[in-house]
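Structure first, commentary second.
The values are calculated or read from the model by the stated rules, or taken from the named source; none is laboratory data. Not measured: the values here are computed from a predicted model. FYI the Cβ positions are ideal-geometry reconstructions off the backbone, even for glycines, and counts take in every protein chain you see.
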Ligand SMILES: *Cc1c(COP(=O)(O)O)cnc(C)c1O
């Protein structure tokens with residue numbers, strides 16, 4: 001018999017066989033579909049106990065776990081009385097949490113971010129920015145506020161990191177199975193899946209909307225990877241931070257414009273839009289368009305959008321902000337100008353520093369600043385750096401006057417605390433104390449915990465970490481093809497008694513991961529001290545396009561194989577949130593060595609602090625606020641050298657000295673029980689005095705107090721009576737703008753400063769007469785400003801004093817001031833006029849000044 005060509009072809013069809021979860025275990029399925037399980041240890045332990053090995057292999061994903069369980073095991077569990085009792089208790093706690101009603105009377109916030117770090121099993125994050133957003137949403141749930149979030153659902157997300165034997169980074173992109181994620185389709189009233197369309201180069205791209213439950217709140221995710229779209233558009237939501245600049249532009253169109261459309265379709269009506277980084281900046285364009293469609297002029301629409309927008313910037317280097325050349329903007333967003341009723345040039349100027357500079361790219365942070373009434377950095381120092389960075393947007397003002405504020409980042413306590421440490425705290429901190437987690441008084445009870453219990457609990461965490469390290473190295477090194485002998489040599493040197501230091505974060509070059517290796521001889525001596533073993537653990541991914549970052553990884557991997565450093569310097573591949581937990585909880589010292597002032601905040605050190613892991617870090621970002629000499633160590637804030645190479649060398653030498661002279665001797669200064677009292681002093685102080693300040697509740701409270709509540713008020717104010725106040729305010733601004741260039745000084749009878757030194761304590765006065773060009777004097781504020789010079793280019797403001805309006809005639813205004821000089825010194829001063837209106841939240845809200 002001869003076979004025809006079709007007979008031997010495989011003929012396959014797809015079938016999906018779903019696990020039948022027994023009725024008694026239905027609560028498990030339900031709990032697996034709300035990421036709340038991950039920060040309720042009671043529930044997390046339950047999933048872990050079902051099959052610890054499989055759970056870990058499945059990235060701690062309970063949906064996947066339940067789907068993969070053998071029917072026999074399911075049956076067994078459904079008949080296990082003990083287990084069922086635990087399910088019941090956990091379910092009660094879970095439901096009680098969810099049932100608590102939302103706080104009333106707060107503005108509703110829509111939070112936009114390109115990434116969310118919620119859990120290792122949800123590949124929606126790359127690093128700190130995402131983890132911050134994820135932690136924030138969890139706290140929004142815990143604090144029970146009216147907030148929801150918008151993002152993208154990635155098929156592949158950010159890459160998983162592998163390493164070659166040489167230490168070359170390998171990028172793996174396993175796809176996520178959406179059926180195994182705790183996401184649900186958002187449906188229309190008619191039962192159909194809710195989709196929104198965005199136009200990309202004339203094509204309609206459809207995004208499906210999913211929702212992800214984070215305790216009591218929702219994260220809505222857009223997904224274009226489905227059959228409605230062509231292959232190119234499907235790839236839009238494949239990777240996080242993948243592809244070129246054009247790809248990024250398309251993703252940001254989807255996030256911002258698609259996100260606003262999704263919110264509308266769902267009828268969510270937020271009061272405030274919070275842009276977590278500039279990636280979401282296009283959302284403001286879509287909002288402008290909606291107002292213009294509703295009959296507002298462009299200036300009116302802009303007022304409405306500004307009054308309800310907060311932009312949080314995270315990047316202290318200008319080059320780190322997304323920007324797109326004009327031809328790309330033209331290709332993708334050309335119609336927006338016409339839709340908004342403005343010229344293309346005016347549209348482009350929304351994202352430019354100079355309206356007239358046709359060569360300038362369209363910058364997302366400039367756009368976001370222009371269309372947000374409030375802007376903030378993410379630590380006190382970063383707020384100042386941001387003021388400096390954006391000063392050029394506000395000619396006539398010095399950096400410290402720029403309206404940008406700050407909220408220092410934080411971490412979500414229940415996510416990052418080790419269970420054993422939490423139990424120890426709870427034994428002394430009182431009932432329900434986590435709700436009041438930012439209260440230092442509570443944390444000071446850590447001094448009631450005896451040194452020994454705390455030291456032993458912490459030691460157990462280190463043993464757990466090192467157990468994980470050994471196992472991971474064994475698996476990873478075998479896969480890389482390392483010889484069993486090298487592997488054995490390294491593993492045999494990992495000593496549980498060692499002082500363990502950790503450094504793990506994105507391998508961006510400014511983080512200076514290899515600073516420690518500046519002087520190999522000194523490092524060699526340090527890690528090979530007799531009876532005082534020291535281990536350094538490293539982990540982190542470099543962006544696939546960042547060759548510099550990948551070089552650093554290679555360098556560390558290669559050093560880790562040298563005989564003197566084997567088992568002392570260890571690089572762990574594929575840093576992720578679970579590894580971050582183990583590391584920040586288990587090491588003794590958390591290291592951070594960024595180039596100042598490029599660490600906007602940093603959060604991993606805070607995760608460490610919660611758990612009593614002492615920090616040793618550059619006084620940059622959060623540590624500049626958190627550091628105390630009795631709670632950790634620091635490299636000074638001030639730069640000594642302009643030359644980065646020399647600065648690195650100095651920092652490295654300082655670091656060795658601190659390690660040699662302080663950290664190592666104090667750690668090993670142990671009593672007969674093996675405990676170093678001095679060391680425990682540091683551990684307790686970082687818990688008592690530092691940790692509470694960097695808890696998410698503090699950060700959330702700050703956002704409400706400094707930004708959401710004032711914005712909620714301004715948003716409501718402009719909306720009143722059919723948006724009349726907003727329209728009037730816009731009209732007022734237009735009027736002032738049109739008249740501003742006609743302001744003139746008629747008289748300026750200033751202090752005689754040229755011929756006399758003025759004595760301290762003796763008041764002097766000045767009088768100014770202006771032509772107001774039809775502007776009401778009440779709409780103007782005249783101030784005297786006294787500066788001191790820092791260098792040729794920069795001034796610092798020492799004093800501001802308002803003039804009094806003393807007379808006005810048709811067309812003129814007369815102002816007077818009496819200044820009481822109370823500090824001696826050389827000053828430069830000037831008289832500056834600016835617009836003034838009760839609805840202006842800050843001086844730069846109408847960005848005009850006139851120097852008399
Ligand atoms: C916390 C965290 C970060 C942020 O680390 P920084 O030290 O703030 O840079 C990055 N990646 C992961 C996986 C984290 O958990």
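Given the options 614, 658, name the one that is over 30 Å from residue 173 (Cβ atoms), away from the ligand (no atom under 14 Å from the Cβ) and surrounded by fewer than 17 Cβ atoms within 10 Å (Cβ to Cβ).
Numbers: 614 fails: surrounded by fewer than 17 Cβ atoms within 10 Å (Cβ to Cβ).
Testing whether each residue is over 30 Å from residue 173 (Cβ atoms), away from the ligand (no atom under 14 Å from the Cβ) and surrounded by fewer than 17 Cβ atoms within 10 Å (Cβ to Cβ) leaves just 658.
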Failed condition for residue 169, given (1) over 30 Å from residue 562 (Cβ atoms); (2) within 16 Å of the ligand (Cβ to nearest atom); (3) in contact with a strand residue (DSSP E or B) (Cβ under 8 Å, 6 or more places away or on another chain): (1)
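crowded, with 24+ Cβ neighbours inside 10 Å and not in a helix (DSSP H, G or I) - does that describe any residue in the range 638-649? Working first, answer last.
Filtering the range 638-649 for residues crowded, with 24+ Cβ neighbours inside 10 Å gives none.
So far as the range 638-649 goes, no, none of its residues is crowded, with 24+ Cβ neighbours inside 10 Å and not in a helix (DSSP H, G or I).
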Answer from 566, 580, 513 - the residue that is in a loop (DSSP other than H, G, I, E, B) and within 16 Å of the ligand (Cβ to nearest atom): 513
Residue within the range 521-535 that is within 16 Å of the ligand (Cβ to nearest atom) and in contact with a helix residue (DSSP H, G or I) (Cβ under 7 Å, 6 or more places away or on another chain) present: no
Residue check, residue 725 within 25 Å of residue 615 (Cα to Cα) and in contact with a helix residue (DSSP H, G or I) (Cβ under 7 Å, 6 or more places away or on another chain): no
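Return the only residue of 786, 751, 831 being assigned to a loop (DSSP other than H, G, I, E, B), in contact (Cβ under 8 Å) with a residue 24 or more places away in the chain and touching a strand residue (DSSP E or B) at 6+ places or on another chain (Cβ under 6 Å).
Result: 751 is the single residue among 786, 751, 831 that is assigned to a loop (DSSP other than H, G, I, E, B), in contact (Cβ under 8 Å) with a residue 24 or more places away in the chain and touching a strand residue (DSSP E or B) at 6+ places or on another chain (Cβ under 6 Å).
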Selection status of residue 620, within 15 Å of the ligand (Cβ to nearest atom) and more than 20 Å from the chain's Cα centre (by Cα): no
Residue list for the range 398-428, restricted to those being over 21 Å from residue 587 (Cα atoms) and either free of Cβ contacts under 8 Å to residues at least 12 places away in the same chain or buried (at least 22 other Cβ atoms within 10 Å of the Cβ) (or both): 402, 404, 406, 407, 408, 409, 426
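Considering the range 51-62 alone, what residues qualify as being in a helix (DSSP H, G or I) and surrounded by 20 or more Cβ atoms within 10 Å (Cβ to Cβ)? Steps first, answer last, please.
Looking only at the range 51-62, we keep the residues that are in a helix (DSSP H, G or I), and these are 52-57, 62.
Correct list: 62 only.
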Conditions (1) outside any loop (DSSP other than H, G, I, E, B); (2) within 16 Å of the ligand (Cβ to nearest atom); (3) over 25 Å from residue 44 (Cα atoms); number of the one not met by residue 114: (1)
Single residue of the range 598-611 satisfying the filter (part of a loop (DSSP other than H, G, I, E, B) and either within 11 Å of the ligand (Cβ to nearest atom) or surrounded by fewer than 24 Cβ atoms within 10 Å (Cβ to Cβ) (or both)) that is farthest from the chain's Cα centre (by Cα): 598
Every pair of residues 6+ apart whose Cβ atoms lie under 7 Å, when the first sits in the range 43-59 and is in contact (Cβ under 8 Å) with a residue 60 or more places away in the chain while the second is surrounded by 14 or more Cβ atoms within 10 Å (Cβ to Cβ) and part of a helix (DSSP H, G or I): 58/64; 58/65; 58/68
So residue 102, is it within 16 Å of the ligand (Cβ to nearest atom), assigned to a loop (DSSP other than H, G, I, E, B) and under 28 Å from residue 262 (Cα atoms): no
Test: residue in the range 625-636 that is modelled with pLDDT under 95, in the same structural domain as residue 500 (by TED's automatic domain parsing), more than 24 Å from the chain's Cα centre (by Cα) and under 25 Å from residue 522 (Cα atoms): yes
Residues of the range 586-597 satisfying the condition of being modelled with pLDDT of 95 or more and within 12 Å of the ligand (Cβ to nearest atom): 590, 591, 592
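Does residue 541 satisfy being in a loop (DSSP other than H, G, I, E, B), within 16 Å of the ligand (Cβ to nearest atom) and out of contact with any helix residue (DSSP H, G or I) (no Cβ under 7 Å at 6 or more places or on another chain)? Steps first, answer last, please.
On the way: in a loop (DSSP other than H, G, I, E, B): yes; within 16 Å of the ligand (Cβ to nearest atom): yes; out of contact with any helix residue (DSSP H, G or I) (no Cβ under 7 Å at 6 or more places or on another chain): yes.
Spelling it out, residue 541 is indeed in a loop (DSSP other than H, G, I, E, B), within 16 Å of the ligand (Cβ to nearest atom) and out of contact with any helix residue (DSSP H, G or I) (no Cβ under 7 Å at 6 or more places or on another chain).
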Which numbered condition residue 237 fails, given (1) surrounded by fewer than 24 Cβ atoms within 10 Å (Cβ to Cβ); (2) over 19 Å from the mean Cα position of the chain (by Cα); (3) touching a residue at least 40 places away in the same chain (Cβ under 8 Å); (4) closer than 25 Å to residue 181 by Cα: (1)
Members of the range 679-705 found to be more than 16 Å from the chain's Cα centre (by Cα), farther than 18 Å from residue 426 by Cβ and crowded, with 24+ Cβ neighbours inside 10 Å, listed by number: 682, 686, 690
Residue check for residue 629: within 9 Å of the ligand (Cβ to nearest atom), part of a loop (DSSP other than H, G, I, E, B) and surrounded by fewer than 24 Cβ atoms within 10 Å (Cβ to Cβ): no
